[in-house]
1. How much net charge surrounds ASP123 when only the other residues with a Cβ under 14 Å from the Cβ of ASP123 are counted, with Lys and Arg +1 and Asp and Glu -1?
2. Rounded to the nearest 0.05, what FRET efficiency is calculated for LYS54 and ALA157 with R0 set to 25 Å and r the Cβ-Cβ distance?
3. Hey, rough spin-label estimate for ALA32 and PHE108, points 7 angstrom out along Cα→Cβ, what's it come to in nanometres?
4. Which net charge results for the neighbourhood of ASN31, defined as the other residues with beta-carbon distances under 13 angstrom from its beta-carbon, given Lys and Arg at +1 and Asp and Glu at -1?
5. What pairs in LYS54/LYS113; LYS101/LYS168; LYS54/LYS101; LYS113/LYS154 have C-alpha atoms more than 22 Å from each other?
6. Taking a virtual spin label 7 Å from the Cα of SER81 along the C-beta vector, which residues in the stretch 153-176 bring their backbone nitrogen under 17 Å of it?
7. In debye, nearest 20, what is the charge dipole magnitude of the stretch 29-171 about its Cα centre with +1 on Lys and Arg Cβ and -1 on Asp and Glu Cβ, if you could check?
8. Is the stretch 29-171 rounded, prolate or oblate when judged by the Cα gyration tensor, a ≥ b ≥ c being the square roots of its eigenvalues, rounded requiring a/c under 1.5 and prolate requiring a/b larger than b/c?
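Taken together, the values in this text are just the output of simple stated rules run on the coordinates, not laboratory data. Fair warning: this is a prediction, and the values are worked out from it, not measured in the lab. As a convention, Cβ positions derive from the backbone with ideal geometry for all residues, glycine included, and neighbour counts pool all protein chains shown.
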Amino acid sequence: MRLPRLRVFFQICLLLSLAACQTTPRLATVNAVDLPRFMGDWYVIAAIPVWIEKNSYNGVESYALNADGTIATTYTFREGSFTGPEKRYNPKGFVRNNQTKAEWGMQFIWPLKSEYLITYLADDYSTTIISRSARDSAWIMARKPVIPGPEYDKLTAILGAQGYDLSKLRQVPQRW
């Protein structure tokens, strides 16, 4: 008699916990990324940053395609000022969607891989937006350290349309 009640209790708890979970819709990515063309240096123009980069200057994300299909990543920046100490991180990227190559997992600590979505990419590969479905972090990046104001406004509008809180967006100072 107690076993059926206990099972019902756990089923109710499970249903309530599932109902309490808030899910955010997955973001759409670009249709296709030419990985060799995407490789190289990208200046971080603006970000809704993760904790390690909240006070970054001269942020640059660099990608290199490994023979095994993974992506060697180097993220460098100056901490706190243009003359602050240089910080360097080397996560490894993994293409999760081999059809579009626009969905990656980025691994900073094994075995965890963070979602990394290429949600905008200029036709000439001059600018890109990297987003996350959780809308907790995003990066506007470019091949040059500065982009024109109208281009920046266009990219921030895309982030806003994706559901990001633009008050959290920080322009990353670039001076080279």
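1. 0
2. 0.60
3. In this crude label model, ALA32 to PHE108 measures out at 3.3 nm.
4. Net of charged neighbours comes to -2.
5. LYS101/LYS168; LYS54/LYS101; LYS113/LYS154
6. Once the point is set 7 Å along Cα→Cβ of SER81, 173-176 turn out to lie under 17 Å by backbone N, inside the stretch 153-176.
7. About 240 debye.
8. It is rounded, given that a/c, with a ≥ b ≥ c, falls under 1.5.
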